[in-house]
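Below is one structure, written out as structure tokens; comments come after it.
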Amino acid sequence: MRIFKTVATAATAIALLVTPAFAQDKPVVGLVMKSLANEFFQNMLEGAEAHAVERGDYELRAVGMQNETDFESQINAVENFITQGVDAIVIAPADSKAMVRPIKKAIAAGITVVNFDVALDEDAKKEQGLELAFVGPDNRGGAKMAGDALGKKLGEGAKVVIVEGNPGADNATQRRLGFEDSVAEYKLDLLDSRTAHWETEEANQVFSTMLTAHPDVQGVLAANDSMAIGVVKALENAGRSDILVVGFDNVPAVGPMIEDGRMLATVDQFGQKMAADAIDLALEVVAGGPALEGWVKTNIKLVTAE
Amino acid sequence: MTSDNRPLEPTPRRALSFRAIINNAGIGLALLALILFFSLTSEFFLTSNNITNILTQITINLILAVGMTFVILIGGIDLSVGSVMAFAAVVAGKAITLPDMGITELVLLACLAGVMTGLICGLLNGVISAFWGLPSFIITLGMLNIARGAALHVSDAKTIYSFPSAFENFGSALIYGVPVVFLVALLITLIAWFVLNWTVFGRLLYGIGNNEEAVRLAGHQVFWLKVAAFTICGATAGIAAVIYMARLSISSPIAGIGFELNAIAAVIIGGTSLAGGRGSVIGTLLGAFIIGVLANGLILIGLNDFMRQMITGVVIIVAVILDYYRAKYSAS
Amino acid sequence: MFAPKINEAMRDMNLAPQETLPNTILAVSNLKKHFGGVRALDGVSFSLARGETHALVGENGAGKSTLIKTLSGAFPFDSGDIVLDGVSYRPSTPHEAKARGVQVVHQEFNLLNHLSVAENISIEAMPRNRFGILDRAEMNRRAQASLNAIGLGEIDVRTSVQSLGIAHRQLIEIARSLQSDSSILILDEPTATLTERETKRLFEIIADIKEKGVTVVFVTHHLDEVFAICDRVTIFRNGETIATELIADTTPENVVRHMVGRELEAERSNSRSIGTAGDVALSTRKLKVAFNPHQDGLDMDVHYGEIVGIAGLVGAGRTEFLRGISAVDPIVSGHVERDGSPVRFRSPRDAISAGIAFVTEDRKEEGLILDMPIAANVSLANMEAVSGAGLMRFGTERRRAKSYEEKLHIKCGSVKDAANSLSGGNQQKVVLAKWLACSPQVLILDEPTRGVDVGAKAEIYGILRNLAREGTALLVVSSELPELMTLCDRILVMANHKIVGSVARADFTEERILKMAYGQNGIEEGTNA
């Protein structure tokens, strides 16, 4: 794999030398993705690749990782892009603190950096004296949209449980906070909140047990759709059709569930477009546009049967 | 294999079998204690719904653990079962969503594809580690990555869904409150018990775990025996994959991460020695129950996730310490 | 020099040997130890005088090993007294025993196979430099010194124990025990794995230790050794001490009578008549194994009904040769012939199907599955006889095991007991039973009576002779010349991976065979016979 990469890089370098005029026309964008084992990021990468072909006025170099917590290889990827002298780096950080230092290095090297999907940690940025805009969805806001849909339907005082993502992961925390915002707003009764590590089978087991302990539960807030699927299967097994489920991500597998009412809602954050949008923003800056500031929120949308 | 602390004088038979009863009863008693504890602390624990839940929840782990018992009995380990299960699920998922086929054919094809995928992965584990005499720890660690990568590659990292409803019904069917998938797991356990205790093959696996060289010199094909143990383990991962699909109506390429550790834990808690040669699938059955009851009961009594994880860890360590004493007392 | 002095002192004091002597270092009285319902020790009493060499003899299972394990703190005793240096002694751990000056060299090795010789020797007191870091140079120097002291200077202390033969391992174990200052040194069958030359060397070492005032307890099955170096002997039978006698006042016949409780027929007599050898059963043609440094392999024939012995020193290549024949280890060149036609074995399985059974020298590592029942061990090499369609027939298995238990006089509680519950001699009989269960036409044995007591030895000889009489071809490697001379029709002598001679039964003398083995007199008497 590494050999392949080296060869590819070398080939690119030779191509740059041979056709300088052509190469100089096109800015190079380095895209640093999170785990490609995750369907969401896989879709995002495909979206970016399609976008590059469609625009045709820039060269895309994408790097993914083996798993969600493998931020070592992200750091290496950023450093390689610095060495290659790319024009822009568009990055979805695997760790909101660990990635601050390499990104600062890239900016010092004169590269335009756009941080998308997961925001870098504010404190870590301050500590390193780094100012960088964030392009991405509002996970907390999105979760609140789903939570609100549930709250509206169930009304005040309804009993709900949360199925969380990986403890410690930034998007898991944001989504949990969003759900909790809805719980507070609609005065819902939160019976229990547990992690199922983003996993279908585990969500199925954990939720079945929660259902036993709280048979009077009325609604379930799942931090992603994989877990929502596990919850739906648990409800089917228990023969309960009176409990509402909301999820997050709008993966294709939940489409039929929303249609036939087994799920109330999910949230689409247009993952497929997210990387492409961030690349557009980066290219604008590279072309001499003004620097990005603050939080550039990307589209999110509540998906329901209506 | 050393026998330094053992007396050279014969030990009477009655004392041995009495100890054997105590040894096996030990795990059962621990399980009974857990059940008693949770039934006193949670009103829901002994409800029929919850019992159905527990049986469903231990099904996959039990199937994986039974296969793992074969490998651990010969002194090996298989770290790849979680990934192999995901790979098998993806292959079976591709098969079951093929167009233009009858439902029965699709389901049969998917089951066959899943089990065969697992079986082939296990076969590779066995052939490679036995042929070059390499530690199975390393080989199966490699397979863990290969199978996971293959699962992601074949599925394009996308969850496969929309299976025939007959297949899904099988995953949630109950007979007198007992999940059919659990009955499948129980049947596999009984077959494994029979194979290990009543066949020449089983006897030789125990022999290999105790003294591989003695078995080889006695004219047995140790290579193929070891390959068979790994192949059985892989096949159970394939069966677990089919059950996973039937239960959850999806096949996810990221399913089963860390399942191998739960399976190993069930085997070890069940009293099978990591060094090989000693243990039983009945112990594994009890071990899987202990893990399942613990996971279920701790949620019911409202313990938080982090405490739950810690307590599961403590139970594994206590089980291994108990195993140490068991080995010690059965030796002297 | 020292021994006669003690004998005189004891005689002068006119004391019965069993009574406590004034210079007693250890006194054991009425010691009892039960394992479940078995009385392993059932009233053991004896005493050790300071600086004497005291032999413990008795058949396997008589209680010697249990006694030693009790003395070394491996497990506690039930009742009775032990007084060491005038103070009550009841060690609960081996460490405690060592602290009180009692050191045991066990029959089963306690060496760490992957570590170097030097590390093994110094394991209890690793030398450290000023920084508390292991001083490897000093460790190697000390280890070399201790090996030199026992005449093993040729061993490189940096090599791993794994790469050494079983005899060398035994000597290293002894070297290690000599590292610590102890007042009582117990040697549990130290000569079982040694050749005569090494045994002689060991006796010199024991004499040296004795000079330093150390009391040596010597457990052995070889009465000639007892009479060569010991001052007194205590005889065990069925967990009891039968008698303690001054060597000067007793005879080997007397000791044997105490041991077995009956008169033993003169086993060592040249009673075996040369059997009529039939057709050639097994031959090797230029058979060369990996360890063999010579270009040409080995040629040899064994006939049906014949017992052929292979004599030689440790390292002469005897074991490797046997392992090559039975396909336990791969061969480099040449081939094996069965019934006159060449055969190629890819694994022990092929050799077994060709009617060849091989009893290896190391029964614990290669012969037995110690934790499994006796019955399972007996059926291991012939599972077909105790199964049908792949399913076990436990009744048949038990019956077959029982029949071998009777035929070979295996002393055990039940054939369901684990093999490790048996004494060494009985374990060896189980190994024999396993191979006899395949009804072999050629039986190859490597050190068939190592660690086996006198009584069981005689029984094993009887079994082997019977097999030959029934037409089986036998090939036996042994480091005990008397054993080969008792048993064999013909002895091949090996030295440095070559067959240097062949001696027919009529010409057997120890001197003649030893000379060949030492390579002094390469008599080529029909090497290819």
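Overview of results
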quantity: Residue count for the range C:329-363, restricted to those that are within 16 Å of C:ILE444 (Cα to Cα), hydrophobic (A, V, I, L, M, F, W, C) and open to solvent by 10 Å² or more (accessible area, probe 1.4 Å); calculated: 4
quantity: Some residue of the range C:414-435 being open to solvent by 20 Å² or more (accessible area, probe 1.4 Å), within 30 Å of B:ARG278 (Cα to Cα) and in contact (Cβ under 8 Å) with a residue 60 or more places away in the chain; calculated: no
quantity: Test: residue in the range B:271-280 that is within 11 Å of the chain's Cα centre (by Cα) and more than 13 Å from chain A (Cβ to nearest Cβ); calculated: no
quantity: Count of the range C:486-503 residues which are in a strand (DSSP E or B), in contact (Cβ under 8 Å) with a residue 60 or more places away in the chain and open to solvent by 10 Å² or more (accessible area, probe 1.4 Å); calculated: 4
quantity: Odd one out for C:PRO448 among (1) within 16 Å of C:VAL378 (Cα to Cα); (2) open to solvent by less than 10 Å² (accessible area, probe 1.4 Å); calculated: (1)
quantity: Among the residues listed as C:ASP339, C:ASP329, the single one being touching a residue at least 40 places away in the same chain (Cβ under 8 Å) and more than 13 Å from every other protein chain (Cβ to nearest Cβ); calculated: C:ASP339
quantity: Some residue of the range A:87-97 being among the acidic types (Asp, Glu), assigned to a helix (DSSP H, G or I) and out of contact with any Lys or Arg (no Cβ under 9 Å at 6 or more places or on another chain); calculated: no
quantity: Among (1) within 14 Å of another protein chain (Cβ to nearest Cβ); (2) modelled with pLDDT of 65 or more, the one test that C:GLY36 misses; calculated: (2)
quantity: Filtered residues of the range A:229-279 (kept if under 13 Å from the mean Cα position of the chain (by Cα) and in a strand (DSSP E or B)); calculated: A:VAL267, A:ASP268
quantity: Filter result (open to solvent by less than 10 Å² (accessible area, probe 1.4 Å), outside any helix (DSSP H, G or I) and more than 8 Å from chain C (Cβ to nearest Cβ)) within the range B:173-224; calculated: B:PRO179
quantity: Residues satisfying the stated conditions in the range C:436-445, i.e. open to solvent by 10 Å² or more (accessible area, probe 1.4 Å), at negative phi and more than 12 Å from every other protein chain (Cβ to nearest Cβ); calculated: C:LEU436, C:GLN441
quantity: Residue check for C:GLY324: open to solvent by less than 50 Å² (accessible area, probe 1.4 Å), under 30 Å from C:ARG469 (Cβ atoms) and either outside the structural domain of C:VAL476 (by TED's automatic domain parsing) or part of a helix (DSSP H, G or I) (or both); calculated: yes
quantity: Residue count, the range B:154-170 (criterion: in contact (Cβ under 8 Å) with a residue 12 or more places away in the chain and either facing chain A (nearest Cβ under 10 Å) or on the phi > 0 side of the Ramachandran plot (or both)); calculated: 8
quantity: Among the candidates A:ASN250, A:ASN237, A:ASN224, residue that is surrounded by fewer than 24 Cβ atoms within 10 Å (Cβ to Cβ) and either among the β-branched types (Val, Ile, Thr) or more than 9 Å from every other protein chain (Cβ to nearest Cβ) (or both); calculated: A:ASN250
quantity: Residues that are open to solvent by less than 20 Å² (accessible area, probe 1.4 Å) and aromatic (Phe, Trp, Tyr), drawn from the range C:217-257; calculated: C:PHE218, C:PHE236
quantity: Some residue of the range C:378-388 being within 22 Å of C:VAL476 (Cα to Cα), touching a Phe, Trp or Tyr at 6+ places or on another chain (Cβ under 9 Å) and within 7 Å of chain B (Cβ to nearest Cβ); calculated: yes
quantity: Boolean, C:ILE209 is at pLDDT 85 or above, under 22 Å from C:SER47 (Cα atoms) and more than 19 Å from the chain's Cα centre (by Cα); calculated: no
quantity: Answer from A:SER226, A:SER193 - the residue that is in the same structural domain as A:ARG176 (by TED's automatic domain parsing), closer than 21 Å to A:ASP170 by Cβ, touching a Ser or Thr at 6+ places or on another chain (Cβ under 7 Å) and not in a loop (DSSP other than H, G, I, E, B); calculated: A:SER226
quantity: Members of the range C:203-214 found to be touching a Gly at 6+ places or on another chain (Cβ under 9 Å) and open to solvent by less than 40 Å² (accessible area, probe 1.4 Å), listed by number; calculated: C:ILE205, C:LYS210, C:GLY213, C:VAL214
quantity: Residue match in the range C:406-416 (condition: acidic (Asp, Glu) and within 12 Å of another protein chain (Cβ to nearest Cβ)); calculated: no
quantity: Hey, C:SER387 over 24 Å from the mean Cα position of the chain (by Cα), buried (at least 19 other Cβ atoms within 10 Å of the Cβ) and free of Cβ contacts under 8 Å to residues at least 24 places away in the same chain or not; calculated: yes
quantity: The range C:105-150, residues that are more than 14 Å from every other protein chain (Cβ to nearest Cβ), under 21 Å from C:GLU189 (Cβ atoms) and in a loop (DSSP other than H, G, I, E, B); calculated: C:ILE150
quantity: Sole exception among (1) farther than 30 Å from B:TYR176 by Cβ; (2) more than 12 Å from chain A (Cβ to nearest Cβ); (3) over 17 Å from the mean Cα position of the chain (by Cα) for B:ALA151, by number; calculated: (2)
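One line per residue, one yes/no per condition, for (1) small (Gly, Ala, Ser); (2) open to solvent by less than 20 Å² (accessible area, probe 1.4 Å); (3) modelled with pLDDT of 85 or more:
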position: C:SER88; (1), (2), (3): yes, no, yes
position: C:VAL102; (1), (2), (3): no, yes, yes
position: C:GLU108; (1), (2), (3): no, no, no
position: C:ASN120; (1), (2), (3): no, yes, no
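The values are calculated or read from the model by the stated rules, or taken from the named source; none is laboratory data. The model shown is predicted, which means the values in this text are computed figures rather than measured ones. Glycine gets a Cβ as well: all are built from the backbone with ideal geometry, and neighbour counts include every protein chain shown. The area values use the complete protein model at the heavy-atom level, side chains included, leaving out ligands, DNA and RNA. Shrake-Rupley method; radii C 1.70, N 1.55, O 1.52, S 1.80 Å.
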